[in-house]
Amino acid sequence: MKHHRLPDPLRASLPASMPASMPASLTAALLALALALTSCQANDSFADAETLEPGGSPVTVGSTVPPTVHADIPVVEDPPATAPATTHEPWAPTEPCTVSALLVPSCGAWLGATTPSRAPGADHSVGLAEYEMAAKNQPDILHFYKTDAAVFPTRSEIALAERPGHQRSILFYNWKPSTERSWREVADGAVDADIAAAAAGIPSYGHSIFLAIWHEPENDLEVHGTAEDYVAMYRHVVQRLRDLGVINVVYVINFMGFARWSHVIDDFYPGDDVVDWIAYDPYGFESHADLRELLDEREGAWPGFYSWATTRAPGKPIMLGEWGIDHVRQPLAPSFLDRGVATLQRRFPDIKALVYWHDFTAPDGFVVRLDHDSPSREAYAEAYSRFANDPYFNSTNPDLAP
């Protein structure tokens, strides 16, 4: 019978009475056991570090304002890992998948993207092809940004959303009704004519759209007004659109979601009657140990945005309005994605849409494009493609959306 010599590290851990060589079958079994133990003991941990706001500005977490205590929000610890990082229980829908009137998929979650081109000019048609080449998947949601009296959806945006031979993509707009007026002035009716222009365009589209009114308002606190002013502006815009007969809009409040704004986050919430979805914009950096930490980052008394949102408005669907992982600064970014579906299923069931921010930032900013010219690109893009093609994101057909 053929015998194999055991590797020195494994042999050293065995009782002295055991032979240095033994049957191949037993050798293989011991090797497998050693590898499994090594995998289970692995611990990906990173020291706290400076992070970047979207746009590239460095932010030292917690350096600006101490977080507000949210004593009524429980902090839930993660259970220990019980499976290799790149595996999870196969997911499949247990019943026919449907889409609600508020664009909530009954199975899994939507996966969408904003898709400007690599080249200057933000050509979304070229950018969509670039995204799909890397992701090997069609986005369920296409994301665009509008300001002032813009009329949307445009014909070119509709054409991208309804390509012959492809599934339909749901349109998602972030709209700032006025970049010149304060939130209080908008609330008082100063740009009602611009709101009416938008109201004339939206109903001409035959499907429902997502609409976020002035995304990331925390970042404009005091520049455009107070949290009270923002709430008044948001509610006024929604009411004007409703009064003008717009019925194919699903309203989104889109926060940044960073802990540094926890002291005002409650004040910015406009109310359940004008909010259909809650969105936030998490970006992953070297300070994040895994996707769980990224999506519900705790700091002091702040339990994390997801924990806050599910307590503040139980039952509201949650969206990642923008997201990505800096695959240059965080070398384990691919493993975040390979664990991603399992993390979403176990910890974040209310996240029903993830809209990837497939764009560049300033030269010294974070790197999230799948086709960025960097050594980390290939591994990250391949991991994202595996993530995007998981059944969790592909069981509900956007063609079913109203």
Review point. Could you say whether any residue in region 140-148 is farther than 28 Å from R377 by Cα, surrounded by fewer than 17 Cβ atoms within 10 Å (Cβ to Cβ), in contact with a helix residue (DSSP H, G or I) (Cβ under 9 Å, 6 or more places away or on another chain) and free of Cβ contacts under 8 Å to residues at least 60 places away in the same chain?
Key: yes
Review point. Name the pairs: first residue in region 368-396 and part of a helix (DSSP H, G or I), second residue of a type in the set (V, I, T), Cβ to Cβ under 6 Å, at least 6 apart or on different chains?
Key: Y392/V341
Point to revise | Candidate set: region 346-390, residues that are within 13 Å of the chain's Cα centre (by Cα) and among the aliphatic types (A, V, I, L, M); chosen: the one farthest from D123 (Cα to Cα) | key: I351
Review point. Taking A381 and the conditions (1) among the hydrophobic types (A, V, I, L, M, F, W, C); (2) surrounded by fewer than 24 Cβ atoms within 10 Å (Cβ to Cβ); (3) at pLDDT 95 or above; (4) under 23 Å from G257 (Cα atoms), which numbered condition does it fall short on, given that it satisfies the others?
Key: (4)
Study note, to complete from the structure: Here, helices (runs of 4 or more DSSP H) confined to region 222-326 with at least 3 residues that are under 19 Å from the mean Cα position of the chain (by Cα) and either in contact (Cβ under 8 Å) with a residue 12 or more places away in the chain or surrounded by fewer than 23 Cβ atoms within 10 Å (Cβ to Cβ) (or both) are 291-295, 305-312
Review point. Quick one: in region 182-215, which of the residues that are more than 19 Å from A101 (Cβ to Cβ) and among the β-branched types (V, I, T) is surrounded by the fewest Cβ atoms within 10 Å (Cβ to Cβ)?
Key: V191
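Of all residues being out of contact with any Lys or Arg (no Cβ under 8 Å at 6 or more places or on another chain) and at pLDDT 85 or above in region 357-373, which is farthest from G324 (Cα to Cα)? Just the residue, please.
Applying the filter and picking the extreme gives D373.
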Check your understanding: Of all residues in region 166-187 being within 30 Å of P105 (Cβ to Cβ) and assigned to a loop (DSSP other than H, G, I, E, B), which is nearest to the chain's Cα centre (by Cα)?
Key -> S169
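The values are calculated or read from the model by the stated rules, or taken from the named source; none is laboratory data. Fair warning: this is a prediction, and the values are worked out from it, not measured in the lab. Heads up, the Cβs are rebuilt from the backbone with ideal geometry, glycines too, and the neighbour counts pull from every protein chain shown.
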